1. Just to confirm a number: summing +1 for Lys and Arg and -1 for Asp and Glu over residues other than residue 24 whose beta-carbon lies under 13 angstrom from that of residue 24, what do you get?
2. Please provide three numbers in whole Å: the alpha-carbon extents of segment 4-184 along the principal axes, with the largest listed first.
3. Can you give the FRET efficiency for residue 548 and residue 158, using 1/(1 + (r/R0)^6), R0 = 56 Å, r = Cβ-Cβ distance, to the nearest 0.05?
4. So what's the convex hull volume per residue for the Cα atoms of segment 503-550, in Å³?
5. Taking 2.2 N^0.38 Å as the expected size of a compact globular protein, what ratio does the Cα radius of gyration of segment 332-402 give against it, to two decimals?
6. To check my understanding: the extent here is largest minus smallest coordinate of the Cα atoms along each principal axis. What are those three numbers for segment 417-461, in Å, largest first?
7. Rounded to the nearest 0.05, what FRET efficiency do residue 276 and residue 320 have when you use their Cβ-Cβ distance and R0 = 25 Å?
8. Which peptide among 465-473, 414-422, 235-243 comes first, and what is the full order, when sorted by highest mean count of other Cβ atoms within 10 Å?
Amino acid sequence: MKRHMTLGDFLVAYLRKIDTRCVFGIPGDLALKLFFALGRKQGLDIKTFSHEPGVGFAADGYARATGKIGVVCVTYGAGGHNMVNPVAGSFSERVPLLIFSGGPGEEERKLGTLIHHQAREIESQLRIYQEVTCAARVLTDPLRAAEQLHEVVCTVWREQRPGYIEIHRDMVDREIEVPDELLEWDGRLHFRGSDPAKAEEAAREAAAMFNGSRHPVLIVGIEIHRYRLSHELLELAEALGAPVFATVLGKGAFPMDHPLYMGVHVGPISPPPIVARMDQADLVMNLGCLKTDMNFGNRPPRIIQGRTVWAVDRRVDIKYHTYTDVGIRDFVRALLKQKLKRHHETVQYADNLPPSGADAHKLIKVADILRIVNEFLAAHRRYMVVAESGDMLFGGLDIRVPHGGTYLAQGFYASMGFAVPAAIGAQIGSGLRPLVLCGDGGFQMTGTEISHAPRLEVNPILLVVNNGGWGIFRPVTERLDLLEIPPWPYAQLARDFGGAGFEARTPDELRRALEEAHQAKTFSIIDVRVERDDLSPVTVKYIKAAAKHSQAPGAKPGRATM
């Protein structure tokens, strides 16, 4: 960085200082100068896609897989508005993104006429993004532009949520002034600290409760991922010796092959051994668990008053009172300093998959797919799993990724179209090869972004679970014709896009296809044909639970709204 430099050059210098090496985006006329500045010699690696939702999901996957800020650049209006849904998902699930948008120059704004790509007012896009980001700014002042960018980025990191920067095209080449504190800054971003006295007292009280319990359990949530606490959590869990569950949103924050890991807790629709163990618990320690309907099986959380520790959103609730201004990082670290009584419970992993009994030559079921994927992952290292929303979001809860592999899913916002571009972004960032679980409905939304895989030098394996429509809604919808989608030749598309394509109708065919895809250097699509009404075990349980609590007026018996 230099005292005086163009805003475009400053952006590159700043992003490199925070260890950003690539930017996801699609060029557009009002953002061309911005793209040229970011991609200049000695600049950043620009990763382009076919549609802005793919850009947003890819940057989200990159951020989840690397723990860094995912950076996006799009044009104003048509591009920026296309990005709103992926950014909303990142906001809901605490994913740090930095969105740059171009915009009309000052001379254009002085014309007093509507500018192409404009919606209602020139400021409309900014106001929209203020709803789905933790900080949003338009950089117009050369004296304060550097400071304002830094403020947005610091907020993004502190809140672990998206931020928005709009740079009108006549600002990119304007000379700005860089303040001393940024010239001297080492590029490190910091999480917000806690009140140390409160953190210590909360940890002391929680440790006393734990040491007095006989059947404690530990539930791990998404904040463990977002605030980079996996190593400290593992140390804490081994010091406690109690069974560890993950929430839907927190799956992957604790090693899935660890002897203390029991599985995913989804309230009353959890696997029966997990339900039974939760009923036995005299202390539930929730670390970083958001109180969402998805995390608790479409039911409010059953809080054991007087026997619960709940640390999330910079507060720790213990028994009947609350410690404010205590972040999850400082609370976990303070717990590690306490004298903890180690329990010695033998933990058995539990899932929802029935015992294997399928004929290897008969039509495959979704439960068979999940079991075969688990076999494959147990035999092969350096894979991550990325699950699409819909049936595969629930099916993915029964996937076990060993060997330190990663698991990614939009477990709360649950936007269809997430998985394929997110997997591409995640592999670009982490180097781990993704195995994607995707329904045919989700694939038809953004799955064609896989055509960029050869150029981007990534090679995911995509399992398209093909039931000929949006199958998860068939049990709860009167108009089944509304759930139909056209039959795409998924395996042939893979070959046409430069990858490998396979079809599988039986368990044996899927096993062979997975092994061939594993050996392939390119990406692969495996078209796995299942019956139209076949769903994952967790989806079936979720729908039955919803039917008990949410009958639509006039609905037929047994049908529920979701």
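Values quoted throughout were computed directly from the atomic coordinates according to the rules given, and no laboratory measurement underlies them. Computed from a predicted structure; not experimentally measured. No Cβ is skipped: glycine too gets one built from the backbone with ideal geometry, and neighbour counts run over all protein chains shown.
1. Numbers: positive: 21, 47, 68; negative: 45, 52, 60, 449.
After counting each charged neighbour, the total is -1.
2. 45, 37, 28
3. Calculated value: 0.85.
4. 99
5. Scaled against compact globular proteins, the figure is 1.57.
6. 27, 18, 14
7. Working: r = 27 Å, r/R0 = 1.08.
Plugging the Cβ-Cβ distance into 1/(1 + (r/R0)^6) gives 0.40.
8. On the way: 465-473: 22.1, 414-422: 27.4, 235-243: 19.7.
Output ranking for 465-473, 414-422, 235-243: 414-422, 465-473, 235-243.
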